[in-house]
């Protein structure tokens, strides 16, 4: 879809929501059923290549580096990359549980320190990618390979599909509005979480003050407090956290430790963003890295109170098909694995397939 066409379509739908209310979208008639259908099942991206090789799925939608891993050795062919569907779209974000700071304002400083570590690590990644060689570049590839359990060549290929950043810009907010409208259009949300329109919803869940506060943060010689920080399993979209946790890159302490934060008690990595939001709701974590769509979906449908406080990356997801399949048409009637119905990857499948006249059904239905 052309970018201008996408923007015009989103503006039109947002106008409908503002004027007529969210119910106008949610109660719209579903598309007439056709013969074209794609089935889905939940498969974590880290397991998608193995499932493709085993023949238990015919396609997959995952995050990097697992899409590149399947493509690079001929296991699969790329069907579509997320930037081809949503040019320059936001992907992962950093969130904080509202009660973590609302119940203890002193924790605002801890959150700002986490954000500062995230910002420094992101700047290091961008500089190292630009350098393209040298000690830091080699260390970056090795760190990514160890974290995601892939080889360094796959990491290098994956980094070419991801754009890292921290600032929440007007364009970022437009992307968040786009996702919200698409969820409504697909019947995936039940309202707007108490907000009157999409713009107010996005403005209500975004808090850029921590990005400003982080600029004033200085290193600390002592640990000032703990933060339970959730993240996704093997997801190089969230590479900044991985780099920040590599003490060998920062003189023997992690970036979080440098800024006085203890994240060593962080729980095990999560399989998908919806699980991160569930962990927030269960008071298992205070902050988390996850895709913007699960943050939006769980905030609206479940009421999980979070704030989006930093961008993490843009783009970097793909739909692939087991070789020799290579097109959406080749996946007609076949089974595609996604991280689950709250993920940006699942939204990519729903949106792209629906736009091309396909029904998307859970396996067995």
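The values are calculated or read from the model by the stated rules, or taken from the named source; none is laboratory data. Just so you know, these numbers come straight off a predicted model, no measurement behind them. Cβ sites come from the backbone with ideal geometry, for glycine too, and all protein chains shown count toward neighbours.
Things to note:
- Per the listing 180, 166, 199, the residue uniquely touching a helix residue (DSSP H, G or I) at 6+ places or on another chain (Cβ under 8 Å) and surrounded by fewer than 20 Cβ atoms within 10 Å (Cβ to Cβ) is 199.
- Residue check: residue 100 meets all listed conditions (1) farther than 23 Å from residue 307 by Cβ; (2) buried (at least 20 other Cβ atoms within 10 Å of the Cβ); (3) assigned by TED's automatic domain parsing to the domain that holds residue 202 but one, namely (1).
- Within the range 195-213, being assigned to a loop (DSSP other than H, G, I, E, B) and within 20 Å of the chain's Cα centre (by Cα) holds for 207, 208.
- Lone unmet requirement of (1) closer than 30 Å to residue 226 by Cα; (2) in contact (Cβ under 8 Å) with a residue 12 or more places away in the chain; (3) out of contact with any helix residue (DSSP H, G or I) (no Cβ under 8 Å at 6 or more places or on another chain) for residue 37: (1)
- Condition check for residue 154: in a loop (DSSP other than H, G, I, E, B) and within 19 Å of residue 67 (Cβ to Cβ): no
- Among the conditions (1) without any contact (Cβ under 8 Å) to a residue 60 or more places away in the chain; (2) not in a helix (DSSP H, G or I), residue 192 misses just one, which is (1).
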